[in-house]
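The values are calculated or read from the model by the stated rules, or taken from the named source; none is laboratory data. The structure presented is a predicted model; accordingly, all values stated were derived computationally and were not measured. Neighbour counts run over all protein chains shown; Cβ positions are idealised from the backbone, glycine included.
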Amino acid sequence: MKEPIQKVLRFIAIELAAYAVLAVAYFCLVLRFLGPWLAELFHEQRVYYVVACVLLMFGQAIGLERLVTGLSYIIRGGKK
Amino acid sequence: MFFPISGVHINPFLLAILGLVIGILGGFFGVGGSFLSGPSLFSLGMPYNFVVGTDLIHIVGKSIVAARQHRILGHIDLKLAAVMVIGTLVGSETGVDAIEALKRSGEVNLVVGLTAITVFTVIAIFGGWESWQALRKSAATTDDPDSPKADVLVFDRLAKFFQRLPLAPRISLKQSGILKISIWSIVLVSFVGGFFSGFLGGGAGYIRMPAMVYLLGIPTHIAVGTDLFEIIISAGYGSIRHAMNGNVDILVALVMHTGAAVGAQLGARLTQYFSGPWIRLAFAPLPLLGAIMVAIALITGHHS
């Protein structure tokens, strides 16, 4: 069943705040370590770079989708 | 933050916010959002060859998230998407070939620019007029015109024509509520979308989404979801080509995608609260925005 829009917007604001904290941690940790390795692949081994690009984007898309869904589930008190 | 692949310094929070805005637009309207992200990345200092490739791979990631949400909501017609991929890929290659031919003639910027302005303006004006008429008709004939189920189409002559084309093989699209339609109608419409994707750049959702509604008669919510699913394949193909040519900065794309992933889910969820004509009416100014951006680029001589 559809929730009232005001309630949805309140949940969205809480989700965004929690998500922003996680995103900052992601910038600081993961990208710092991946950056030099990916730059090296880009210049030295283009085919592996392409494979890494596709895998990283698909992996991040699925991972973040699960994360957002999980956050939403927790914030709504176990309701899907 | 320094991005060593494209060699630019960009604030990652700006990228994430840009991704968030584009994600919401993409999830709600079923478009890639390249008309906004392309010029924005360029203005942040990224070289244009990286703008095109990086934007495409970011669109893939965002579309995966939004398409998954739309799949949960029952807004994706997989059979329709599978047929459309064929026309899109062939159309995209034809569009790229057309660009190469124009490059040789030396008139590429003017021709592409004027084509883009014309196409965007026609879509915006027609879409705005049709959805406004649909809302009025819906208010007069439906008990709850704002319900997402109330998807009235005022201009359905072209859709009826394409659905009645007697060319075999004809398939049924149960998810879209279409009993029989020729595969060739779908391929033709997706070819046009693919052609403009290759010719004008980006995922061309601004053409494909309204084309699905007005030319094939697909309900708006299904057109939005199916277009996103189709963008994963077509933009994925383009991303691989661009990555091989060294035009993709995956780090920038990943940072943008952190914003886009949450935006795409929000946009997709918000479609539940609006009827088809409302979504189409809100969509109408977007191509006009694209037309204005192209016109400014043509006038100032700032071409890609």
Worksheet entry | Answer from B:Val189, B:Val248, B:Val224 - the residue that is out of contact with any Phe, Trp or Tyr (no Cβ under 6 Å at 6 or more places or on another chain) and under 30 Å from A:Leu31 (Cβ atoms) | B:Val248
Worksheet item: If you go through segment B:50-97 one residue at a time, how many are over 21 Å from B:Leu18 (Cα atoms), modelled with pLDDT of 85 or more and among the small types (Gly, Ala, Ser)?
Response: 4
Worksheet item: How many residues does segment B:218-235 hold that are more than 23 Å from A:Val68 (Cα to Cα) and within 11 Å of chain A (Cβ to nearest Cβ)?
Response: 1
Discussion item. List the helices (runs of 4 or more DSSP H) inside segment B:188-275, counting only whole elements, that have at least 2 residues being of a type in the set (Phe, Trp, Tyr).
Written reply: B:205-216, B:220-244
Worksheet entry | Residue count for segment B:24-41, restricted to those that are among the polar types (S, T, N, Q) and within 12 Å of chain A (Cβ to nearest Cβ) | 0
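The rows are residues; the columns are (1) away from chain A (no Cβ under 12 Å); (2) surrounded by 22 or more Cβ atoms within 10 Å (Cβ to Cβ); (3) in contact with a Phe, Trp or Tyr (Cβ under 9 Å, 6 or more places away or on another chain); (4) outside any loop (DSSP other than H, G, I, E, B).
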site	(1), (2), (3), (4)
B:Ala16	no, yes, yes, yes
B:Ile22	yes, yes, no, yes
B:Asn49	yes, no, no, yes
B:Thr54	no, yes, no, yes
B:Gly61	no, yes, yes, yes
B:Gln69	no, yes, no, yes
B:Leu89	yes, no, yes, yes
B:Ile99	yes, no, yes, yes
Response to the item:
Quick count over segment B:160-187, residues being farther than 19 Å from B:Leu78 by Cα and either part of a loop (DSSP other than H, G, I, E, B) or over 22 Å from the mean Cα position of the chain (by Cα) (or both), is 7
Item to complete: Specify the residue that is farthest from the other protein chains (Cβ to nearest Cβ); the eligible residues are those in segment B:255-270 that are in contact with a helix residue (DSSP H, G or I) (Cβ under 6 Å, 6 or more places away or on another chain) and not small (Gly, Ala, Ser).
Response: B:Met256
Worksheet item: Which of the following residues is out of contact with any strand residue (DSSP E or B) (no Cβ under 6 Å at 6 or more places or on another chain), at pLDDT 80 or above and closer than 15 Å to B:Gly217 by Cβ: B:Ala168, B:Ala134?
Response: B:Ala134
Item to complete: Please verify whether segment B:1-13 includes one or more residues that are surrounded by 23 or more Cβ atoms within 10 Å (Cβ to Cβ) and under 15 Å from the mean Cα position of the chain (by Cα).
Response: no
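Each row is one residue, and each column tells you yes or no for (1) crowded, with 24+ Cβ neighbours inside 10 Å; (2) under 18 Å from B:Thr121 (Cβ atoms); (3) among the hydrophobic types (A, V, I, L, M, F, W, C).
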| position | (1), (2), (3) |
| --- | --- |
| B:Gly194 | yes, no, no |
| B:Tyr206 | yes, yes, no |
| B:Ser239 | yes, no, no |
| B:Leu251 | yes, no, yes |
| B:His257 | yes, no, no |
| B:Ala261 | yes, no, yes |
Practice prompt. Show the residue pairs that are 6+ apart or on different chains and have beta-carbon atoms under 8 Å apart, the first residue being within segment B:151-172 and within 15 Å of B:Ala134 (Cβ to Cβ), the second being modelled with pLDDT under 85 and not in a helix (DSSP H, G or I).
Written response: B:Asp151/B:Ser275; B:Val152/B:Thr142; B:Ala159/B:Leu153
Discussion item. Anything in segment B:236-254 that is within 19 Å of the chain's Cα centre (by Cα) and more than 10 Å from chain A (Cβ to nearest Cβ)? List them, or say none.
Written reply: B:Tyr237, B:Gly238
